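Values quoted throughout were computed directly from the atomic coordinates according to the rules given, and no laboratory measurement underlies them. This one's a predicted model, so the numbers in the text were calculated from it and none came from an experiment. Here the Cβ is made from the backbone with ideal geometry for all residues, glycine too, and neighbour counts use every protein chain on show.
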Amino acid sequence: MTILKRVRNFFNHKSGNVAATFAIALLPIMLSVGAAIDYSRMSNLHNKVAIATDAALLAAVANVMNSVDLKDTAAVNARLKEEFEPLLLANMYGADSYIYNGFTINFDPKTGGVDVNVDVDYNAAIFGLVGLNKLDTDVEAATSMQVKAGGAISMFLVLDRSGSMDWSNGDGGTKMQSLQLATIQMISNFRKYDPNEEFIRMGSVAYSSHTWSVQQIKWDLDYVKNYVDAMLAGGGTDSSNAVEQAYNMLTKKSEITEHEKKNDQEPDLVLVFMTDGDNNSPGADSATKITCSKAKNYGIEIYTIAFQAPAKGQGLLKYCASSSAHYFEPENTDELIDSFKSIGKNVSDKLVLAK
């Protein structure tokens with residue numbers, strides 16, 4: 001057989017063509033199926049990241065809005081970064097086939113807007129066979145740091161001014177000075193949530209062995225600050241009448257009327273009861289407990305603070321508190337400030353919402 005004939009027979013030979021042709025045809029089919037699988041998984045990942053981003057952003061904004069002065073842009077952005085990432089990663093738990101590259105977040109003080117971009121790549125499965133190992137699936141989200149009214153509060157402070165409040169606080173001052181600092185800081189923080197005095201009404205009363213000049217509840221926060229700042233320590237301890245006066249003030253029908261006129265809402269009622277000792281007047285504990293029970297049944301939320309108080313005083317305040325989370329037992333000035341700050345934040349959470 002001549003060489004020319006052999007060549008002609010090779011090109012005319014049919015064996016194996018079906019397998020080769022099928023293999024060649026299968027490649028685009030496999031890529032198409034793989035592309036559909038990768039696209040579906042990438043789409044699911046994008047949705048999970050978007051949901052996680054939105055949830056983390058809203059939670060971070062709520063946390064920052066209640067703890068940072070919105071006029072301090074650098075502090076707001078720093079706190080947003082600190083709050084956002086752990087919330088994001090926690091919300092993304094369970095998502096698979098992704099590479100997390102980080103995020104950017106920014107607060108615009110002019111608009112009050114917060115923008116975030118989460119840099120995530122999809123770790124491709126089938127596309128990786130042709131060199132496309134990572135597919136970009138970044139997510140953007142936005143919300144606002146602007147504050148709007150979300151509730152109304154009538155709040156009454158019942159504060160101990162007995163002689164022991166003139167004792168050392170262990171920090172170089174007196175317990176009265178610690179109380180004044182902590183209380184005034186809490187009241188001052190209310191300013192940023194209610195700058196026009198439309199949603200928070202406050203009153204206060206100090207007590208020793210007798211009740212000292214009961215304040216009416218007013219819209220004027222400075223009125224309460226000045227009252228607290230002027231308190232002097234002296235005398236024994238009898239909380240019964242002071243707590244009863246607070247109950248009477250908070251349950252007046254005029255409280256609802258005053259809020260309806262300004263904000264068209266029925267207020268939440270809050271009583272803060274503080275002592276550093278225990279009652280030394282006969283029947284004072286029993287009378288105080290009766291009023292506390294009556295107040296809680298009425299719907300008044302009671303926070304109690306036992307500042308360096310003995311066991312008997314702690315027991316009374318634990319009884320009066322609306323729950324164990326409403327009871328505080330600070331042992332120094334910083335802990336007292338933190339106690340009032342925590343109460344202030346809980347109250348403020350009723351007043352502000354992220355738009």
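Key figures for this structure:
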| read-out | value |
| --- | --- |
| Rg and Dmax of segment 233-337, Cα atoms only, in Å | 14.8, 44 |
| Förster-model FRET efficiency, 25 Å R0, Asn263 and Asp69, C-beta, rounded to 0.05 | 0.55 |
| Two-decimal log10 I(q)/I(0) for segment 179-220, as the Debye equation yields it once each C-alpha is a single scatterer, q = 0.24, 0.27 Å⁻¹ | -0.91, -1.01 |
| Entries in Lys218/Lys261; Lys218/Lys262; Lys175/Lys225; Lys218/Lys252; Lys71/Lys218; Lys192/Lys262 that, when Cα-Cα distance is taken, lie over 20 Å | Lys71/Lys218 |
| Point-to-point label distance, Asp222-Lys294, nm (Cα→Cβ direction, 7 Å offset) | 3.6 nm |
| Calculated FRET efficiency for the pair Ser254/Lys192, C-beta based, R₀ 30 Å, to 0.05 | 0.65 |
| Residue list for segment 268-291, given a label point 7 angstrom along the Cα-to-Cβ vector of Ala311 and an amide N cut-off under 15 Å | 278 |
| Length released on extending from Ala230 to Gln185, taking residue separation times 0.36 nm less the Cα-Cα span | 14.7 nm |
| Set of aspartates and glutamates near Lys296 by C-alpha distance (under 15 Å), chain-local residues within fewer than 8 positions excluded | Glu244, Asp268 |
